[in-house]
Amino acid sequence: MIKLSEPFFDEEEKKAALRVLDSGWYIHGKELEAFEKEFAEFAGTQRALACSNGTTAIHLALQALGIKKDDEVLVPSHTAFPTIEPILNLGAKPVFVDIDEKHYTLDVRDAAKKITKNTRAILPVHLYGHPAQMDALSTLCKNYGLFLVEDACQAHGALYKNRHVGSIGNIGCFSFYPSKNMTVFGDGGMIVTNDKLLYERIKLLRNHGSENRYHHILLGNNFRVSEIACALGRVQLKRLPYFVQRRRKIAHMYNSLLESTSLILPKEMQGVKHSYHLYVIRHTKRNALKSYLEKHGVHSEIHYPVPGHLQKAVPLSYRTSLPVTEKIVQEILSLPMHPKLKEEQVAFIGNTIKRFLK
């Protein structure tokens, strides 16, 4: 079976983990400090804070901005549900926005129509590794006095007009889950910002609201990350440019193999660099294609079959009609995409799809 995703590691990652075990320091030590510094430098921000996962990164970002009960946060419905969970867990209301059918990111025009007096923030998702329309969103937030929080959990290494995603809004959030463009081989997350006050507040909220041991000045939580995760993340961060380059090469191979077919292929907006966390195609016979690929030893997946606004965990009163989202979730299919994928495997996948289409 050709895997959908597979993280890369070698002896350097193993040595990093052993280094932490030998140090005897396992939480909030030198590895955390170095990882945060190195990630901020990579992202082009003044500050970075590592945390337990991408979901808690978004939760901490919204909490630090003061998002509370009955506040509204504009968010695409077509995303992983962990984008939406923190809004609900803070008692706020997710206002679901449709997507741009070409790039699957938040539709700015639809967002503008849904701003009310209760709107506090917009939470765009750089879905599949393709940046959202950040200039238009930045202008919209500025005009209405809204916070702009970037969900960059799938977009490590993606660029918007030569700026790393995550560095453009008030706060950017990343995930290091094993399938991501870089990983800590478990759960892990990162928050980036240029705002010193937000940074200091998140730092407290991440660690039980504690400024000094046994002294709690805010009601926080335990969203810490281990030293082993940080050590592994530092190695992966050094590899990230190669990982993204490799993913882009594989995407270009898929494009060449499949461009003359009836599939709808991923499109890259002018002025951006897609980091291809996922390579997502579309076809009206998606389900049959998925079964055919599985039969021939190719793992594929649907990201995501049920939109956020139709999830059972979302109150019925928050539901709305999102025609583009509801259309594309019936057609999308993610093909294998990871740096360890071989050229002959990509060719096999492409030829298998072409046989199905014939």
Could you list, in sequence order, all residues of region 29-61 that are over 16 Å from the mean Cα position of the chain (by Cα) and either acidic (Asp, Glu) or part of a helix (DSSP H, G or I) (or both)? 30, 31, 32, 33, 34, 35, 36, 37, 38, 40, 41, 42
From the list 149, 75, pick out the single residue that is within 13 Å of the chain's Cα centre (by Cα), in a strand (DSSP E or B) and touching a residue at least 60 places away in the same chain (Cβ under 8 Å). 149
So, residue 84, is that one closer than 15 Å to residue 175 by Cβ and either modelled with pLDDT of 95 or more or surrounded by 22 or more Cβ atoms within 10 Å (Cβ to Cβ) (or both) or not? yes
Within region 86-101, restricting attention to residues that are free of Cβ contacts under 8 Å to residues at least 40 places away in the same chain and in a helix (DSSP H, G or I), which residue is farthest from residue 69 (Cα to Cα)? 86
Answer yes or no: is there a residue in region 191-207 that is assigned to a loop (DSSP other than H, G, I, E, B), under 18 Å from residue 54 (Cα atoms), more than 16 Å from the chain's Cα centre (by Cα) and of a type in the set (Phe, Trp, Tyr). no
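Here's the yes/no breakdown for (1) of a type in the set (A, V, I, L, M); (2) assigned to a helix (DSSP H, G or I):
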{"site": "228", "(1), (2)": "yes, yes"}
{"site": "243", "(1), (2)": "no, yes"}
{"site": "246", "(1), (2)": "no, yes"}
{"site": "266", "(1), (2)": "no, no"}
{"site": "269", "(1), (2)": "yes, no"}
Verdict on residue 269 being aliphatic (A, V, I, L, M), farther than 19 Å from residue 7 by Cα, surrounded by fewer than 20 Cβ atoms within 10 Å (Cβ to Cβ) and under 20 Å from the mean Cα position of the chain (by Cα): yes
Since residue 209 meets every condition but one in (1) at positive phi; (2) exposed (fewer than 15 other Cβ atoms within 10 Å of the Cβ); (3) free of Cβ contacts under 8 Å to residues at least 60 places away in the same chain, which condition does it not meet? (2)
Residues that are at pLDDT 95 or above and within 25 Å of residue 132 (Cβ to Cβ): does region 341-356 have at least one? no
Considering 217, 191, 250, 202, which residue is closer than 18 Å to residue 38 by Cα and either without any contact (Cβ under 8 Å) to a residue 24 or more places away in the chain or crowded, with 20+ Cβ neighbours inside 10 Å (or both)? 191
Considering region 271-300, residues that are assigned to a helix (DSSP H, G or I) and among the basic types (Lys, Arg), and then whichever is farthest from residue 105 (Cα to Cα), we arrive at 295
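The values are calculated or read from the model by the stated rules, or taken from the named source; none is laboratory data. Not measured: the values here are computed from a predicted model. Methodologically, a virtual Cβ is constructed for each residue, glycine included, from the backbone with ideal geometry; neighbour enumeration extends over all protein chains shown.
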